[in-house]
Amino acid sequence: MIKVFSYEDRWLHHETYNNMLKARASVFQDRLKWDVCVKDGREEDDYDRKYNPLYIVSERPDGSHATSMRVLPTTGPTMLRDIFHQFFPDCPDIYGANIWETTRYCATFKKGDPITYTGELFGELCRVCLASGIDHLTGIFFKPMHRIFCRAGWEPVPVMSAEHDGKTITLATFEVSQAQMANILNKFSLSP
């Protein structure tokens, strides 16, 4: 099941939001060893609390977290502009009313899970973008994510790469279109 809600409306999806924050703590701090702030087993930052982002969450039938992503308009504060610019000093400021920044992609797959959770997440992200007049996304990711995007049928367009803690991070853009959404849904054999 897919849920889409803003930070301001998180109280309508309290369990989903709480499960997502716990999943982020587990993945980002425990598994990936990122320097993130975890309190009471939940990873929540100022981009959650201050800027009313949109969340897209794919849940298993039992309501547990499978995949999620956070989205912010690039016309306001973004992680690229505020945090990651230091790694991409020659990067132009990527912003516009038609561009959103994606952050905090989180997957908590279990053995036996269908691969469709990522397709559902990306497909819904496309639907929400198209309904909102968004035709491009931007994001920063580590090298393994490139394979995930490509397998999902959503090949990123790299802008530039840099080194962070001995690992390559890439800043990229993603096209959002009806054709792109159809390609993603087709890759996962999902209906439009």
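GLU155 exposes around 120 Å² of accessible area when a 1.4 Å probe is run over every protein chain in place.
Ranked by solvent-accessible area (1.4 Å probe, protein heavy atoms only, all chains present), the residues HIS13, HIS65 order from largest to smallest as HIS13, HIS65.
How much of the accessible area of the stretch 76-179, probe 1.4 Å, is carbon plus sulfur, in whole percent? Solvent-exposed carbon and sulfur of the stretch 76-179 make up 56 percent of the total.
Net charge within 11 Å of SER58 by Cβ-Cβ distance, Lys/Arg positive one each and Asp/Glu negative one each, not counting SER58 itself? Neighbourhood net charge equals -2. Ordered from highest to lowest accessible area with the whole protein assembly present and a 1.4 Å probe, TYR95, TYR105, TYR55 read as TYR95, TYR105, TYR55. The region of the chain that goes longest without hitting one of the trypsin sites (Lys or Arg not before Pro) in a DSSP loop, each with at most 14 other Cβ atoms within 10 Å, is 112-192.
Report summary: the helix-based calculation at 222 nm, which adds -39500 (n - 2.57) for every DSSP H run with n ≥ 4 and divides by the residues of the chain, gives -8500 deg cm²/dmol.
Between HIS146 and VAL36, the distance separating the two model label sites (each 7 Å from Cα on the Cα→Cβ line) works out to 2.3 nm.
Keeping every protein chain present and rolling a 1.4 Å probe, give me the accessible area per residue for the chain in Å².
52
Too long at a 27 Å Cα-Cα cut-off: which of LYS111/LYS187; LYS50/LYS187; LYS111/LYS143; LYS3/LYS110? Over 27 Å apart, Cα to Cα: LYS50/LYS187. Neighbours of ARG147 by Cβ distance under 14 Å: Lys/Arg scored +1, Asp/Glu scored -1, total +2.
The values are calculated or read from the model by the stated rules, or taken from the named source; none is laboratory data. Every value quoted in this text rests on a predicted model; they were computed, and no experiment measured them. Positions of Cβ are backbone-derived with ideal geometry, glycine not excepted, and every protein chain shown enters the neighbour counts. Keep in mind that these areas ignore ligands, DNA and RNA; they rest on the heavy atoms of the full protein, side chains included. Shrake-Rupley method; radii C 1.70, N 1.55, O 1.52, S 1.80 Å.
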